[in-house]
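Worksheet: one structure, shown below.
The values are calculated or read from the model by the stated rules, or taken from the named source; none is laboratory data. Source: prediction; values computed, not measured. Here the Cβ positions follow ideal geometry from the backbone for every residue, glycine too, while neighbour counts run over all protein chains shown. The accessibility values were calculated without ligands, DNA or RNA, using every heavy atom of the protein model including side chains. Shrake-Rupley method; radii C 1.70, N 1.55, O 1.52, S 1.80 Å.
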Amino acid sequence: MGVGGGSSAKVKSVVYALSPYQQQTMPGLWKDFTSKIYKRTLGDWVSISLVAVPVIGTYFYFSYGTTLNHGYLIISNEYH
Amino acid sequence: MTIRNQRFSLLKQPIFSILNQHLINYPTPSNLNYWAGFGPLAGICLVIQIVTGVFLAMHYTPHVDLAFNSVEHIMRDVEGGWFLRYMHANGASMFLIVVHFHMFRSLYYGSYSSPREFVRCSGVVIFLLMIVTAFIGYVPPWGQMSFWGATVITSLASAIPVVGDTIVTWLWGGFSVGNATLNRFFSLHYLLPFLLVGASILHLGALHQYGSNNPLGINSYTDKIASYPYYYVKDLVGWVAFAIFSSIFIFYAPNVLGHPDNYIPANPMPTPPHIVPEWYFLPIHAILRSIPDKAGGVAAIAPVFICLLALPFLNQSMYVRSAKFRPIYHIIYLLFLADRLLLGWIGCQPVEAPFVTIGQISPFVFFLFFAIMPIPGRVQRENPNYFSENFAFSYPKK
C-alpha cells in the first residue's frame, strides 16, 4: 500500500460539481465520434502499419505464393 | 458514528480490514484508462473457471472407459450441464485472451519496470501455471485430441538427456498414456487453480506495495482515489463488454475454439492427421518447432519464460515508463506485437516449405526483442527525467 508496506498513500475525496440528477453517463461519447475513431485508427497510420504490414504482408505473401505453386512456395533454389 | 460503532465496524475487523484496504479503499491513480480493467477481469475469469469446474467435477468420471461418456452425460442429461461445460471450455480461452491483453498493456505502459519487478515475476509464474492448467484441462474430456495432445506434449520430456524417459514414465504413471495419466491430470487440474488463486493474491499484494502504475508512467503518489466505487464502476463497462463477447462464443459458436476431433472418443490406434494445440499454445508451439531438433526445440521453451522474467531487469528506463513517451520503444513494441500475432498464425500451419522460413524468423525476432530491450532505455537516459521535469507530478525530492 505504501513503499515497503508502510503508510498508505492518501486518497483524495472526489467532490462533485453536479448533483446525481445533472450528471450524464459518458458525456461526449458520441461527440465527434467519427473523427475520434479516425484519430485512433487511420490517424495513427504509422502504429497501425507497424503491426498490420508484417502480419498481413507475411500472410498474403506466403498464401499467394503457396497457391501459385500448387502448395509449395518457391522462394529459393532449396525448394526446386 | 460513535467511537464504539467505529471500533466494531465490519471493515475494521481482522480479515475485513485487509480486504477493505486492498479491494475497497485501495488508493488508485486517478488517471487509469480502460486497459487497466483487464487485471480485475482476469480475477473474475479465474473465479468463473473454478466455480464451473467444481460443478462439472460433480458429474465427471475420471476413468478411460467412462470419461468421454460422462462429458456427454453432462451435455445431455445434467440440467444446464451444456452451459457449464461450454462456459468452462470457452472460459479458458476467454481467460487467456484477457491475460494477453493484461500482459501487453503492462508491456506498453512499462508497468513491469522498477520498483515492480516482483509484480512482473509473480505474473509470469501465474502465466506459466495457467498454461499448465489449461493443457492438463484439455485431457479430461478424453477425446482424440485430448489423448494425442497429452501423448505429444508429455513425450517432449523424453528430450531431456539421461532422465527424460524416466520423467515421461512418471508423468504417464505407466508405459503409455492411460487411466493413471487421466487420473493424475484430472487431480492436478483440480489443484492448480487454487495455487493460481494463491499466486494471484501474491501478485495483488506485490502490486499494492508500491501502488499501481498509470498510463503516464510517473509517480502518482499525490493523486490517488479510492478504487471503490470509481474503478469498480469504470471496470463494469469492461465486464459487460466481456460478458457480451464471451456469450457470443458460449451460445452461438461454442466449438469454434475447440477441435472437432475431440468429439471422437480417445483411441490409441489411429493418430489424427494433424495434431494442433489450442490457440493459446500456438506461439510456444511455433518456437518449439522452429529448431529442427527435438531437444533443441524443448530447450528453446525455457528461454521464453526466462526472457519474460528478466524483462524488468533489462529495461533501464525507470523514470519514463510508458511507450507513449518512448518513441523508439513504441516502434519496438508494435513490431513485437506483430511478431506475436505471426507466431500464433505460424504455430497452426503444417511444417512445409513455405512456412518453415517464417517459422524460424518469428522466434528469432521474439528473442531479439528482449536482446535489444536495454537499448531504448540507454538512449533515453542521455536526457534524464525529460518528461517529469515538465509535469506537475514529479518524483518527491529526497
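A few notes on this one:
- Search result, residues across segment A:5-20 that are facing chain B (nearest Cβ under 7 Å) and at pLDDT below 75: A:Gly5, A:Ser8, A:Ala9
- Checked against (1) open to solvent by less than 30 Å² (accessible area, probe 1.4 Å); (2) farther than 28 Å from B:Leu129 by Cα, B:Met269 passes all but condition (1).
- For segment B:201-229, taking the residues that are open to solvent by 40 Å² or more (accessible area, probe 1.4 Å) and away from chain A (no Cβ under 13 Å), the one that is farthest from B:Ala89 (Cα to Cα) is identified as B:Leu216.
- Of all the listed residues (B:Ser30, B:Ser113), the sole one being surrounded by 21 or more Cβ atoms within 10 Å (Cβ to Cβ) and under 22 Å from B:Asn219 (Cα atoms) is B:Ser113.
- B:Ala57 being assigned by the TED database to the domain that holds B:Thr181, crowded, with 19+ Cβ neighbours inside 10 Å, over 30 Å from B:Ser212 (Cβ atoms) and modelled with pLDDT of 95 or more: no
- Any hit, segment A:33-41, residues being at pLDDT 80 or above, more than 12 Å from chain B (Cβ to nearest Cβ) and closer than 22 Å to B:Leu342 by Cα: yes
- Identity of the residue in segment B:357-398, buried (at least 18 other Cβ atoms within 10 Å of the Cβ) and within 12 Å of chain A (Cβ to nearest Cβ), that ends up modelled with the lowest pLDDT: B:Ile358
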